[in-house]
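S.K.: Take a look at this one; I'll ask things after.
The values are calculated or read from the model by the stated rules, or taken from the named source; none is laboratory data. What you see is a predicted model, and the numbers here were worked out from it, not measured in a lab. Cβ placement follows ideal geometry from the backbone for every residue including glycine, while neighbour counts extend to all protein chains displayed.
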Amino acid sequence: MTEPAARLQKLIAHSGIASRRGAEEMIKAGRVTVDGVPAHLGQKVIPEEAVVEVDGVRLPIRPDLVYYLVNKPSGVVSTASDPQGRPTVVDLVPSQPRIYPVGRLDADSEGLLLLTNDGDLTNLLTHPSHGVLKTYAVLVEGAPAPAEVRRLETGVDLEDGPAAAVSARLLGTSRGRARLEMVLGEGRNREVRRLCDAIGYPVVRLFRTSIGPVKDPLLKSGSFRPLTIEEVRSLYAAATVM
């Protein structure tokens, strides 16, 4: 059922980005648009239909939208259901409303994953043309030399075409293994693992530490938390900056 029209400043205030007075000041200053047109005080909009932007960045105003950040453990699959009966990331969050993972992490990979029912944000974050950066902490077998690590940035040939990390750096080595930090702008299947395999250093452990500007080193494995409105807007900003 569609929500009735509501005053714009009330919706902005309910989003948490500003007080009602602050929202009014934003509108008067010309910082708010509705469907690309400058907003005016007293304007009413239907939350499920209007595209509201503040300073050019989308502001989620639909009351039914939820956003969760999950720290996915190894062995949990990044789908809403699994025919093999394995645990899924959806099992880690409340069952209502129904939400879906944004992109994926391999079952044997760990780290941060977003779940939401915001289809617009999902499309922006998963479309290759937007290239929202994701950072990974990678433990590999062996001790690659700096020149070998640079190959991850200059590019290697994979079976589905050339691929490269946006950046890759060696953090240290110990007991025959090396710790790398890799930043990728694509989301190809098992891309980090395949890149490391291509230079001869297979991945032992893979952990995603950030999705665009969103990170949380204190979030425990298997736990989740709602995103703040500032984090949601930062994801919209990261995905629309291209």
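S.K.: Checking the conditions here, which among Pro94, Pro162, Pro128, Pro101 is touching a Phe, Trp or Tyr at 6+ places or on another chain (Cβ under 9 Å) and of a type outside the set (A, V, I, L, M, F, W, C)?
M.R.: Values: Pro162 fails: touching a Phe, Trp or Tyr at 6+ places or on another chain (Cβ under 9 Å); Pro128 fails: touching a Phe, Trp or Tyr at 6+ places or on another chain (Cβ under 9 Å); Pro101 fails: touching a Phe, Trp or Tyr at 6+ places or on another chain (Cβ under 9 Å).
Checking each option against the conditions leaves just Pro94.
S.K.: A further question follows. Take the conditions in contact with a Phe, Trp or Tyr (Cβ under 6 Å, 6 or more places away or on another chain) and within 26 Å of Leu184 (Cα to Cα) and apply them to Ala80. Does it pass?
M.R.: Details: in contact with a Phe, Trp or Tyr (Cβ under 6 Å, 6 or more places away or on another chain): yes; within 26 Å of Leu184 (Cα to Cα): yes.
Yes: the conditions hold for Ala80.
S.K.: Let me ask something additional. Looking at (1) modelled with pLDDT of 95 or more; (2) within 25 Å of Leu125 (Cα to Cα), which is the only condition Ala39 fails?
M.R.: For Ala39, the exception is condition (2).
S.K.: Taking the stretch 9-43 as the region of interest, how many residues are in contact (Cβ under 8 Å) with a residue 12 or more places away in the chain and either in contact with a Leu (Cβ under 8 Å, 6 or more places away or on another chain) or not in a helix (DSSP H, G or I) (or both)?
M.R.: The total comes to 20.
S.K.: Please go through the stretch 57-88 and give me each residue that is free of Cβ contacts under 8 Å to residues at least 24 places away in the same chain and either assigned to a strand (DSSP E or B) or closer than 17 Å to Asp120 by Cβ (or both), ordered by number. Even if it seems obvious, please write down each step before you answer.
M.R.: Here is the first cut: in the stretch 57-88, the residues free of Cβ contacts under 8 Å to residues at least 24 places away in the same chain are 80-88.
Once the filter is applied, which keeps residues that are free of Cβ contacts under 8 Å to residues at least 24 places away in the same chain and either assigned to a strand (DSSP E or B) or closer than 17 Å to Asp120 by Cβ (or both), the stretch 57-88 yields only Thr88.
S.K.: Just one of Arg194, Arg208 is at pLDDT 95 or above, buried (at least 18 other Cβ atoms within 10 Å of the Cβ) and touching a strand residue (DSSP E or B) at 6+ places or on another chain (Cβ under 8 Å); which is it?
M.R.: Only one candidate passes the filter, namely Arg208.
S.K.: Can you name every residue in the stretch 98-142 that is without any contact (Cβ under 8 Å) to a residue 60 or more places away in the chain, farther than 21 Å from Val232 by Cα and touching a helix residue (DSSP H, G or I) at 6+ places or on another chain (Cβ under 7 Å)?
M.R.: none
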